[in-house]
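The values are calculated or read from the model by the stated rules, or taken from the named source; none is laboratory data. Computed from a predicted structure; not experimentally measured. Heads up, the Cβs are rebuilt from the backbone with ideal geometry, glycines too, and the neighbour counts pull from every protein chain shown.
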There are 2 protein chains.
Amino acid sequence: MESDFVDWLRGRIPDQPTVHVGIGDDAAVLDLSTHRCVVCTDMVMDGVDFILSECAPRLVGRKALAVNLSDIAAMAAKPVAAVVSLAAHRETPIDVLKEIYEGLLELADAHNTAVIGGDTNSWDQPLAISITAFGEPTSKGVLKRDGAQPGDVIVATGNFGGSILGRHLVFKPRVEEALRLHAEYELHACMDVSDGLSLDLHRMTRASGCGALLNLSTIPISDAAHRLSARSSDELSPLEHALSDGEDFELILAVPASEAERLVRTQPLDMRLTPIGEFVREHGLWQQDTAGERVPLQPRGYEH
Amino acid sequence: MESDFVDWLRGRIPDQPTVHVGIGDDAAVLDLSTHRCVVCTDMVMDGVDFILSECAPRLVGRKALAVNLSDIAAMAAKPVAAVVSLAAHRETPIDVLKEIYEGLLELADAHNTAVIGGDTNSWDQPLAISITAFGEPTSKGVLKRDGAQPGDVIVATGNFGGSILGRHLVFKPRVEEALRLHAEYELHACMDVSDGLSLDLHRMTRASGCGALLNLSTIPISDAAHRLSARSSDELSPLEHALSDGEDFELILAVPASEAERLVRTQPLDMRLTPIGEFVREHGLWQQDTAGERVPLQPRGYEH
């Protein structure tokens, strides 16, 4: 199987000027415009991150790449290339594999990301896809998660919660958004929310050596979080979904206060940027109660 | 689980000067000494590439990296870094995961390869490990598989066949050997033998637009191929094992005739370099019969 499939893939993938050696040799050779290479890797698995029998194979391939592009975006880097390893059940029809790649390649094309290599395997188990993505820092360097400072405003892109109702398969990685914000504003830190807003914000504070005080009334809650909460079997409020559901793939930013004021007033993106609290000196995650006192907020989300 | 495990891993992995941002952020940032980056990716799976319940977990991690380093070696590049994605069965003890990483890190250390990131997941299925490795070309550039020319001698490192008896878990990727040969000799092409000598040689001829004439009496046959063939249940000769067994992870080189004479006479490596035939104009794989006539040789090996 593999050689036919590799032949198909080579024909499907256009030549790219940054690819010195592409698919078909023992390794690929990528020409970067800088010595500094941003690298992330994420694996998605059938039954955990998607259910192959219940969704379009294109969306599976799309998601496998999108979660990686979201990580590149979180560094405010420009994606340039990716390699794809997969293990598919040996009875997976070749057309399903091709559809998976088509979904992946469509998203890659949209972000000028060259698919430069891969490893296609079969086994008697469900599908697992591992992608490693490469990016280039801009002239401002990368934006890490450990730079938040007490007094910085927490600014979030988009809305939170309920991604499981469908958005987790079709979300747009915030690549262009991160590049634009990094170019035009002074930002201290950035992270993508993959495991839950409160859990990932807590990780960001730990990396930065500070805490965060959330203004819960300002959290942008998605329609899907409301729909999920309205189900009779559901025990969480829309806000609780927004704080704990995984796979939002929105960005949370640490922005100096004066710059945050300009950012929120300007609203330079197609989606809303919302201030949801501030980073504080006290470690941990906090909320303000009705009397104005700080009380601890338990970080919740998806632990792998 | 993941955050404790990531904390352990961060503590286990020494700081490396080439790693600008290491494990713990959304992505890693690697400082290369050149704009050109060699990249390969390979996935190994329980039940296909190893049997986790029957071997030391260290060897599983070691193999996951070794197959990738073999691909970097096949390009005659210098390995510098790797990222590791894995999906483990959710009941896998944490100590087993750590042992897998220890085996991987030991081999990484031996090749000055920094482990700069990863993604650790659990699911209800057997273990799959995907590694992407990065290398740097030397000043001579990379050595591709498509440069073999009619008249070039086929030179092989080491011995072939029977890797399944144990060598597939402990083989040494030919990294130093490839770098040394590339630096000191004029070579036209190189490939690592992962799926079987005759099958991979056939792929090398296809990539190079030529054929290959093997001198079967010169193929270096491993002791393991003899042992495997001697089993009462076995139906292949030692030579057939050498030609078709997968996972030798030796190198096959295309060497101009005069240079091959010098190479074979000098024997610059710790292991034997053996001329096993020549590349020829006629496409396909050939052997000489006892009357001196060329007859086709069927490429055999492991198809994924």
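Data for the structure
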| quantity | calculated |
| --- | --- |
| Meets criteria (in contact with a Ser or Thr (Cβ under 7 Å, 6 or more places away or on another chain) and surrounded by 17 or more Cβ atoms within 10 Å (Cβ to Cβ)) for residue B:285 | yes |
| Any chance residue B:78 is at pLDDT 95 or above and out of contact with any Gly (no Cβ under 6 Å at 6 or more places or on another chain) | no |
| Test: residue in region B:102-110 that is within 14 Å of another protein chain (Cβ to nearest Cβ) and either surrounded by fewer than 24 Cβ atoms within 10 Å (Cβ to Cβ) or more than 20 Å from residue A:41 (Cα to Cα) (or both) | no |
| Every residue from region A:154-185 that is crowded, with 21+ Cβ neighbours inside 10 Å, among the charged types (D, E, K, R) and out of contact with any helix residue (DSSP H, G or I) (no Cβ under 6 Å at 6 or more places or on another chain) | A:177 |
| Breaking point among (1) acidic (Asp, Glu); (2) in contact with a strand residue (DSSP E or B) (Cβ under 7 Å, 6 or more places away or on another chain); (3) modelled with pLDDT of 95 or more, for residue B:31 | (3) |
| Region A:207-228, residues that are buried (at least 17 other Cβ atoms within 10 Å of the Cβ) and either among the aromatic types (Phe, Trp, Tyr) or out of contact with any strand residue (DSSP E or B) (no Cβ under 9 Å at 6 or more places or on another chain) (or both) | A:224, A:228 |
| Qualifying residues in region A:79-100 (those that are of a type outside the set (A, V, I, L, M) and crowded, with 21+ Cβ neighbours inside 10 Å) - the one nearest to the other protein chains (Cβ to nearest Cβ) | A:85 |
| The one condition in (1) away from chain B (no Cβ under 14 Å); (2) buried (at least 22 other Cβ atoms within 10 Å of the Cβ) that residue A:115 fails to fulfil | (1) |
| Region B:161-184, residues that are of a type outside the set (Lys, Arg) and not in a helix (DSSP H, G or I) | B:161, B:162, B:166, B:171, B:173 |
| Every residue from region A:6-54 that is more than 9 Å from chain B (Cβ to nearest Cβ) and in contact (Cβ under 8 Å) with a residue 24 or more places away in the chain | A:6, A:8, A:9, A:12, A:13, A:16, A:18, A:19, A:22, A:23, A:50, A:52 |
| Condition check for residue A:100: in a helix (DSSP H, G or I), aliphatic (A, V, I, L, M) and not assigned by TED's automatic domain parsing to the domain that holds residue A:7 | no |
| Hits in region A:135-160 (condition: within 14 Å of chain B (Cβ to nearest Cβ), charged (D, E, K, R) and either under 16 Å from the mean Cα position of the chain (by Cα) or in a loop (DSSP other than H, G, I, E, B) (or both)) | A:140, A:144, A:145, A:146 |
| Sole residue being without any contact (Cβ under 8 Å) to a residue 12 or more places away in the chain and surrounded by fewer than 22 Cβ atoms within 10 Å (Cβ to Cβ), chosen from B:141, B:151 | B:141 |
| Filter result for residue B:274 (loosely packed, with under 14 Cβ neighbours inside 10 Å and either of a type in the set (Ser, Thr, Tyr) or in contact with a helix residue (DSSP H, G or I) (Cβ under 8 Å, 6 or more places away or on another chain) (or both)) | no |
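Listed here are the residues, each with its yes/no results for (1) basic (Lys, Arg); (2) away from chain A (no Cβ under 14 Å).
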site	(1), (2)
B:259	no, yes
B:265	yes, yes
B:276	no, yes
B:279	no, yes
B:287	no, yes
B:290	no, yes
B:295	no, yes
B:302	no, no
